[in-house]
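Below is one structure; the comments refer to it alone.
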Amino acid sequence: MTRLGRPATVALGALAALAMAWPIAATAGAGTDADAQHAARLVGGMRAAAEDHDFTGVATVTWTSSKGAQQAQVRVTDASGSVAVTAADGRAVVDEGRRTYLRDRLGWTGLVVEPTSGHIPAPDRRWALSTAGTSTVAGRAATVVVAARGDGTPAQRLVVDDTTGLLLAREVLGPRGRVERSVRFSSIHVGERARPLSPPTGVPTRAAEKLTSVPGGYRAPATPAGFELVTRSRHPDGVLLFYSDGLFTASVFEQQGDLDWGSLPPGGSDTRLADTRTRTFQEASGAVAVWERDGLVYTCVTDAPSDVFGRMVGALASDDRSTIESVVDFVLGPFGWG
């Protein structure tokens, strides 16, 4: 049987502030509305801003799990593009650009280095972007950018620093307007260079093998529920697929075999999605779903809202049931938010 063990714990242990540096397209798309283009430029510039400006700060992270509302504080340091995020319980993530390290209760781990991402959709390819006034976060003037669904309901609010372009706050919202996950700086000092956290010498990292197609026995849908397949890579235990819809991302890890449900970390909830038993975890960094289908075990990690997540997992897990039925089960089931 396939045992996820520590790999699943690693996926669940990522800290929410890392979502502040997710890959995103740097162009404004083809829209003609001036405000929409301005909003897209602000979103596209956030990643470059994090590389251009050293800073230290404290951020408050909130999310909703099966246990209700959760909150934590993390310390974030950025020195010459090397970002470290540390929590009060000692967990940490260090992103050095081409190397990423995780510290959890078992010590330091060097995560597998993924291939450079190919084309990532523009942030306004799927989402209607607009500015929504101004805000002040950690004493800094900022512009609010809203990404809306097709029906006009907001899926994400981003607060972008007017001076540097840094992301100061982020809210991910469900289909009924409830904030499902957020991160917001309570203090930030731009231009202040702190000594970055570094893993001990000798922690190994490995490079994943870039694939142009997946081996036999694996699946790689090109556009599940509006997400585009950006990279494929071979890992020692399976295949990793990286998807983006221009604003949100999803990583799907596939392993051959049968899922050992007893090896999963505690704290998840079971439901059926696309007529498939699925266990989902709500963590500070995003949602994680684990299921098995036709000899493959899937682990999907995403920062998307619950309805978007549900559609994607439903598309990946479905066979003869419609994605619409799958989404209804997901959003209205025990993992759904009001």
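Quick check on region 184-200: of everything there that is assigned to a loop (DSSP other than H, G, I, E, B) and open to solvent by 90 Å² or more (accessible area, probe 1.4 Å), which residue is farthest from Thr109 (Cα to Cα)? First the steps, then the outcome.
Initially, region 184-200 is screened for residues assigned to a loop (DSSP other than H, G, I, E, B), giving 191-200.
Among the residues that remain, those that are also open to solvent by 90 Å² or more (accessible area, probe 1.4 Å) are: 193, 195.
Working: Arg193: 25, Arg195: 20 Å.
Filtering first and then ranking leaves Arg193.
Figure legend. Inter-residue proximity from region 286-309: first residues in contact (Cβ under 8 Å) with a residue 24 or more places away in the chain and acidic (Asp, Glu), second residues open to solvent by less than 10 Å² (accessible area, probe 1.4 Å) and not in a loop (DSSP other than H, G, I, E, B), beta-carbon distance below 6 Å, spacing 6+ or different chains. Indicated pairs: Glu292/Leu259; Asp303/Gly286. Somewhere in region 253-263, is a residue under 30 Å from Gly44 (Cβ atoms) and of a type outside the set (Asp, Glu)? The answer is yes, given that some residue of region 253-263 is under 30 Å from Gly44 (Cβ atoms) and of a type outside the set (Asp, Glu). Of the numbered criteria (1) farther than 19 Å from Ala40 by Cα; (2) in contact with a strand residue (DSSP E or B) (Cβ under 9 Å, 6 or more places away or on another chain); (3) of a type in the set (Lys, Arg), the one Arg125 fails is (1). When restricted to residues that are open to solvent by less than 10 Å² (accessible area, probe 1.4 Å) and either in contact with a Gly (Cβ under 7 Å, 6 or more places away or on another chain) or of a type in the set (Val, Ile, Thr) (or both), region 232-252 contains 3. Among the conditions (1) part of a strand (DSSP E or B); (2) open to solvent by less than 50 Å² (accessible area, probe 1.4 Å); (3) in contact with a Phe, Trp or Tyr (Cβ under 9 Å, 6 or more places away or on another chain); (4) modelled with pLDDT under 90, the only one that Val313 does not satisfy is (1).
So for region 6-14 (the condition being among the small types (Gly, Ala, Ser), surrounded by 17 or more Cβ atoms within 10 Å (Cβ to Cβ) and modelled with pLDDT of 90 or more), does at least one residue qualify? The answer is no, given that none of the residues of region 6-14 is among the small types (Gly, Ala, Ser), surrounded by 17 or more Cβ atoms within 10 Å (Cβ to Cβ) and modelled with pLDDT of 90 or more. Does any residue in region 50-61 that is at pLDDT below 90 come within less than 7 Å, Cβ to Cβ, of a residue that is in a loop (DSSP other than H, G, I, E, B) six or more places away or on a different chain, and which pairs are these? Short answer, once both residue conditions are applied: Ala50/Leu166; Glu51/Gly81. Does Val172 satisfy being β-branched (Val, Ile, Thr), buried (at least 20 other Cβ atoms within 10 Å of the Cβ) and over 19 Å from Thr302 (Cβ atoms)? Answer is no for this residue. Return the total of residues in region 223-243 being modelled with pLDDT of 90 or more and assigned to a strand (DSSP E or B). Summing the residues that are modelled with pLDDT of 90 or more and assigned to a strand (DSSP E or B) in region 223-243 gives 13. Of the strands (runs of 3 or more DSSP E) lying entirely inside region 72-183, those containing at least 2 residues that are more than 30 Å from Leu211 (Cβ to Cβ) and within 20 Å of the chain's Cα centre (by Cα) span 82-87, 128-137, 140-148, 154-161, 167-173.
Residues in region 272-283 that are open to solvent by 10 Å² or more (accessible area, probe 1.4 Å) and closer than 16 Å to Thr64 by Cβ: Gln282, Glu283.
Being farther than 18 Å from Val190 by Cβ and either in contact with a Gly (Cβ under 9 Å, 6 or more places away or on another chain) or of a type in the set (A, V, I, L, M) (or both) is true for just one of Glu51, Glu96. Which residue is that? Let's see the steps before the verdict.
On the way: Glu51 fails: farther than 18 Å from Val190 by Cβ.
Going through Glu51, Glu96 in turn, just one is farther than 18 Å from Val190 by Cβ and either in contact with a Gly (Cβ under 9 Å, 6 or more places away or on another chain) or of a type in the set (A, V, I, L, M) (or both): Glu96.
The values are calculated or read from the model by the stated rules, or taken from the named source; none is laboratory data. Small disclaimer: the values here were computed from a predicted structure and weren't measured. Here Cβ is always computed from backbone atoms with ideal geometry, including for glycine, and neighbour counts include all displayed protein chains. Surface accessibility is based on the protein's heavy atoms, side chains included, excluding ligands, DNA and RNA. Shrake-Rupley method; radii C 1.70, N 1.55, O 1.52, S 1.80 Å.
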